[in-house]
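Visitor: I'd like to ask you about the structure that follows.
The values are calculated or read from the model by the stated rules, or taken from the named source; none is laboratory data. Keep in mind that what you see is a predicted model, and the values were worked out from it rather than measured. Reconstructed Cβ throughout: ideal geometry from the backbone, glycine too, with neighbour counts over all protein chains shown.
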């Protein structure tokens with residue numbers, strides 16, 4: 001049976017944006033997509049992430065490793081060291097799909113999967129708190145860095161090593177490395193200590209590495225079904241190559257963002273109506289900002305969560321500068337939904353809520369917010385997920401990766417490098433060396 005599809009609604013965009021000739025750009029966009037796919041075997045092109053849905057062996061290796069970890073009964077906790085693209089994707093999947101109370105569940109209720117913490121910044125208080133709370137002898141350490149020498153990854157790893165060894169634990173015997181094979185510090189440590197290594201393909205950049213072991217291994221260790229993730233990726237891969245703008249969601253989103261930017265909308269707001277998608281938005285912000293912010297070009301990504309930010313940012317969106325394209329994310333069917341009881345006998349003001357699902361009310365608020373923005377001549381688009389699960393969130397993430405790459409080429413920038421990031425890294429290393 002065919003699954004329902006992700007849908008886009010650009011009705012409130014075409015009525016407000018002037019000079020948006022999608023059809024006039026159709027040939028150019030499809031040429032960009034063909035170029036991206038034709039170059040995916042070329043290492044310098046950095047488009048190897050388009051191959052990831054088809055890397056069957058990688059999915060099989062991860063599934064086997066996770067099964068072995070569960071069967072060993074040795075580990076209760078997963079501690080991931082990584083920053084940016086080495087962390088945000090896995091966090092996005094785990095936060096969106098697991099209960100917020102995941103780490104409090106018993107091993108039985110987790111079905112043998114691991115609790116998880118991420119150390120993704122050089123915040124000494126957070127590092128100390130996490131390490132002091134975990135039973136380090138029952139912790140699997142996953143260290144992620146493509147280059148193998150990321151400061152924000154290596155430093156807390158060294159702190160954890162010291163803490164583990166003070167407790168008589170052989171730290172590297174409990175480590176898994178995700179890095180470039182046969183290159184860099186982490187690869188050397190893997191070989192020296194015989195620790196498992198899951199490779200990051202050389203032609204896959206950090207922020208596009210979500211569906212390599214970088215994102216898949218931590219997610220799978222926490223119970224995310226990566227076979228369903230792969231099914232979603234294969235569907236997204238198919239959609240992204242369709243030569244029809246109505247069916248190709250990636251192309252439509254890229255064109256909407258591009259024309260809005262050309263019309264002075266230099267802020268791109270991503271606003272899912274789900275608290276569990278906060279880390280998803282963080283993942284997108286890095287993808288968009290680091291890919292497109294070059295040569296004094298690119299719209300600034302702004303995170304927002306509905307309905308929470310209706311009580312903060314929406315005032316600015318409605319009546320502040322008209323410099324934003326707002327992309328709403330709706331979830332049609334919310335898991336573990338609740339029905340509002342009828343307490344109209346207590347007060348007639350309760351009557352409008354009686355019998356409605358909480359998720360239904362949330363979506364009513366989304367629709368009302370879109371209507372208000374449109375009446376105020378504020379451009380907005382809508383992406384609708386049938387539900388929030390492995391199949392649809394992975395599909396959406398891959399589509400947004402393709403959209404970002406297309407938009408980069410439309411803007412005339414390289415969406416796969418990050419010279420502004422590299423400069424600060426160099427200055428940091430110089431300061432530490434001195």
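Visitor: For residue 45, indicate whether it is modelled with pLDDT under 95 and either more than 25 Å from the chain's Cα centre (by Cα) or surrounded by 13 or more Cβ atoms within 10 Å (Cβ to Cβ) (or both).
Guide: Against the criterion (modelled with pLDDT under 95 and either more than 25 Å from the chain's Cα centre (by Cα) or surrounded by 13 or more Cβ atoms within 10 Å (Cβ to Cβ) (or both)), residue 45 qualifies.
Visitor: Go through the residues of the range 386-395 one by one and say whether even a single one is assigned to a loop (DSSP other than H, G, I, E, B), modelled with pLDDT of 95 or more and under 17 Å from residue 7 (Cβ atoms).
Guide: Yes, some residue in the range 386-395 is assigned to a loop (DSSP other than H, G, I, E, B), modelled with pLDDT of 95 or more and under 17 Å from residue 7 (Cβ atoms).
Visitor: Taking only the range 156-176 into account, find how many residues are in contact with a helix residue (DSSP H, G or I) (Cβ under 8 Å, 6 or more places away or on another chain) and part of a helix (DSSP H, G or I).
Guide: Count: 11.
Visitor: Collect the residues in the range 374-388 that are more than 19 Å from residue 257 (Cβ to Cβ), surrounded by fewer than 21 Cβ atoms within 10 Å (Cβ to Cβ) and in contact (Cβ under 8 Å) with a residue 60 or more places away in the chain, keeping them in residue-number order.
Guide: 386
Visitor: Any idea which of 391, 343 is farther than 28 Å from residue 25 by Cβ, assigned by TED's automatic domain parsing to the domain that holds residue 295 and in contact (Cβ under 8 Å) with a residue 60 or more places away in the chain?
Guide: Selected residue: 391, the only one of 391, 343 that is farther than 28 Å from residue 25 by Cβ, assigned by TED's automatic domain parsing to the domain that holds residue 295 and in contact (Cβ under 8 Å) with a residue 60 or more places away in the chain.
Visitor: Next question, about the same structure. Quick one: which helices (runs of 4 or more DSSP H) sit completely within the range 246-347 and have at least 2 residues that are buried (at least 23 other Cβ atoms within 10 Å of the Cβ), modelled with pLDDT of 95 or more and in contact with a strand residue (DSSP E or B) (Cβ under 9 Å, 6 or more places away or on another chain)?
Guide: Output list reads 249-262, 278-292.
Visitor: Could I ask something else about it? Just checking, does the range 297-312 include any residue being touching a residue at least 40 places away in the same chain (Cβ under 8 Å) and under 15 Å from the mean Cα position of the chain (by Cα)?
Guide: No, because not a single residue in the range 297-312 is touching a residue at least 40 places away in the same chain (Cβ under 8 Å) and under 15 Å from the mean Cα position of the chain (by Cα).
Visitor: Continuing with the same structure: Test residue 414 against the stated conditions and say whether it is modelled with pLDDT of 95 or more, more than 27 Å from residue 247 (Cβ to Cβ), surrounded by fewer than 22 Cβ atoms within 10 Å (Cβ to Cβ) and over 19 Å from the mean Cα position of the chain (by Cα).
Guide: Criteria met by residue 414.
Visitor: Something else about it: Taking the criterion of being assigned by TED's automatic domain parsing to the domain that holds residue 291, part of a helix (DSSP H, G or I) and without any contact (Cβ under 8 Å) to a residue 24 or more places away in the chain, would at least one residue in the range 15-26 satisfy it?
Guide: Scanning the range 15-26, I find at least one residue that is assigned by TED's automatic domain parsing to the domain that holds residue 291, part of a helix (DSSP H, G or I) and without any contact (Cβ under 8 Å) to a residue 24 or more places away in the chain, so the answer is yes.
Visitor: Can you tell me which condition residue 220 does not meet? The list is (1) crowded, with 24+ Cβ neighbours inside 10 Å; (2) assigned by TED's automatic domain parsing to the domain that holds residue 89; (3) within 18 Å of residue 401 (Cβ to Cβ), and all the others hold.
Guide: The failed condition is (3).
Visitor: Only one of (1) touching a helix residue (DSSP H, G or I) at 6+ places or on another chain (Cβ under 8 Å); (2) at pLDDT below 95 is not met by residue 195, so which one is it?
Guide: It is condition (2) that residue 195 fails.
Visitor: Go through (1) outside the structural domain of residue 277 (by TED's automatic domain parsing); (2) within 30 Å of residue 5 (Cβ to Cβ) for residue 409 and report which single condition fails.
Guide: Residue 409 satisfies all of (1) outside the structural domain of residue 277 (by TED's automatic domain parsing); (2) within 30 Å of residue 5 (Cβ to Cβ) except (1).
Visitor: Any chance the range 229-236 includes a residue that's in a helix (DSSP H, G or I), touching a residue at least 40 places away in the same chain (Cβ under 8 Å) and surrounded by fewer than 20 Cβ atoms within 10 Å (Cβ to Cβ)?
Guide: Looking only at the range 229-236, we keep the residues that are in a helix (DSSP H, G or I), and these are 229-236.
Going one step further and asking which of them are touching a residue at least 40 places away in the same chain (Cβ under 8 Å), we end up with 229-236.
Add one more test, that the residue is surrounded by fewer than 20 Cβ atoms within 10 Å (Cβ to Cβ), and what stays is 231, 234.
Yes, that holds for at least one residue.
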